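The values are calculated or read from the model by the stated rules, or taken from the named source; none is laboratory data. Treat the numbers as computed from the prediction; the structure is a model and nothing was measured. Here the Cβ positions follow ideal geometry from the backbone for every residue, glycine too, while neighbour counts run over all protein chains shown. Just the protein is used for accessible areas: all its heavy atoms, side chains included, with ligands, DNA and RNA removed. Shrake-Rupley method; radii C 1.70, N 1.55, O 1.52, S 1.80 Å.
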Amino acid sequence: DTGVSQNPRHKITKRGQNVTFRCDPISEHNRLYWYRQTLGQGPEFLTYFQNEAQLEKSRLLSDRFSAERPKGSFSTLEIQRTEQGDSAMYLCASSLALGAEGSPLHFGNGTRLTVT
Amino acid sequence: QKEVEQNSGPLSVPEGAIASLNCTYSDRGSQSFFWYRQYSGKSPELIMSIYSNGDKEDGRFTAQLNKASQYVSLLIRDSQPSDSATYLCAVNQAGTALIFGKGTTLSVSS
C-alpha cells in the first residue's frame with residue numbers, strides 16, 4: 001500500500017490556461033474522489049468514480065471542470081480556461097466500497113493550484 | 001443541500017484537559033460519520049469512524065453519535081500540544097459522496 005499519489009504537487013498557471021492533474025489511488029480501492037479546499041474551509045466535493053463510472057458530480061461544479069477515470073485506475077482532473085477563483089488545493093481520495101456502510105477516504109497530498 | 005456544521009473555533013484547551021468538538025448535520029438519512037484531523041498544509045487523515053448511536057472509543061479519542069438529534073461529537077482526553085490541528089467532521093449515506101464541515105481549529109497549550 002503506497003498510498004494515494006497526486007501529481008504535480010504544485011502548479012502555477014496564468015488565467016485562461018488549461019491545467020490537468022493526475023491521481024493514482026490505492027491499488028485495491030474501487031472508488032476515487034476529487035475535492036477542492038481553500039484556506040479556512042473544509043474539503044468541497046467535486047466528483048467521484050466507482051471503477052470507471054462517474055457516479056456523482058457536484059451541482060456547483062462549473063462545466064470548465066472535467067474528470068476521467070478511463071480504466072478504473074488513475075484519474076485526471078482538467079480545468080479549462082482557469083480563473084483566479086480556481087486557486088485552491090485539489091485533493092484526491094480513494095476508498096473501498098463496502099456495501100451499506102461508507103468506508104473511510106484516504107487522501108493524497110494534494111495539488112496546490114495558483115492562478116495568476 | 002446537505003450540510004455539516006461545525007464551530008470554526010479556535011478552541012483552546014490546556015495540556016492534559018479534555019477537548020470537546022461538536023458537529024451537526026442536516027441529512028437525516030446519513031449513515032456514516034467520520035472525524036478527520038488536518039495539520040496546517042497537510043491532507044486530512046482519518047481519526048475515527050462511527051456508524052451506530054452511542055459512544056466509540058479508540059485510545060484517547062471518543063466519538064459520540066446521536067442520530068435523533070443529528071449530532072456527532074469527538075472527545076480528546078489528555079490533550080497534547082501535538083493534537084493542535086483542524087478537526088473535520090464528515091458525513092454520508094451509502095453510495096454518496098462524503099460531505100465535510102468547515103472544521104474546528106483546536107489549540108492545545110503546554
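Counting only strands (runs of 3 or more DSSP E) that sit completely within segment B:1-69, those holding 1 or more residues that are within 14 Å of chain A (Cβ to nearest Cβ), touching a Pro at 6+ places or on another chain (Cβ under 9 Å) and surrounded by 15 or more Cβ atoms within 10 Å (Cβ to Cβ) correspond to B:32-38, B:45-50. Looking only at segment B:70-89, residues that are among the hydroxyl-bearing types (Ser, Thr, Tyr) and either within 14 Å of chain A (Cβ to nearest Cβ) or under 13 Å from the mean Cα position of the chain (by Cα) (or both) come to 4 in all. For segment A:73-101, the tally of residues that are in a strand (DSSP E or B) and open to solvent by less than 30 Å² (accessible area, probe 1.4 Å) stands at 11. The set of residues from segment B:31-57 being touching a Gly at 6+ places or on another chain (Cβ under 9 Å) and among the hydroxyl-bearing types (Ser, Thr, Tyr) comprises B:SER32, B:TYR36, B:SER43, B:SER49, B:TYR51. Within segment A:14-29, being in contact with a helix residue (DSSP H, G or I) (Cβ under 9 Å, 6 or more places away or on another chain) and open to solvent by less than 30 Å² (accessible area, probe 1.4 Å) holds for one residue alone: A:VAL19.
Number of residues in segment B:92-110 that are part of a strand (DSSP E or B), farther than 11 Å from B:TYR36 by Cα, hydrophobic (A, V, I, L, M, F, W, C) and facing chain A (nearest Cβ under 9 Å) equals 1.
In this structure, does A:GLU56 turn out to be at pLDDT below 95 and farther than 24 Å from B:LYS42 by Cα? Judged against the criteria, A:GLU56 is a match. For segment A:30-57, the candidate set comprises residues that are within 18 Å of A:THR114 (Cβ to Cβ) and polar (S, T, N, Q); within that set, the residue that is least open to solvent (accessible area, probe 1.4 Å) is A:GLN37. Residues of segment B:86-103 that are touching a residue at least 12 places away in the same chain (Cβ under 8 Å), of a type in the set (Gly, Ala, Ser) and open to solvent by 10 Å² or more (accessible area, probe 1.4 Å): B:ALA94 alone.
Among the candidates A:PRO70, A:PRO104, the residue that is in a loop (DSSP other than H, G, I, E, B) and more than 8 Å from chain B (Cβ to nearest Cβ) is uniquely A:PRO70.
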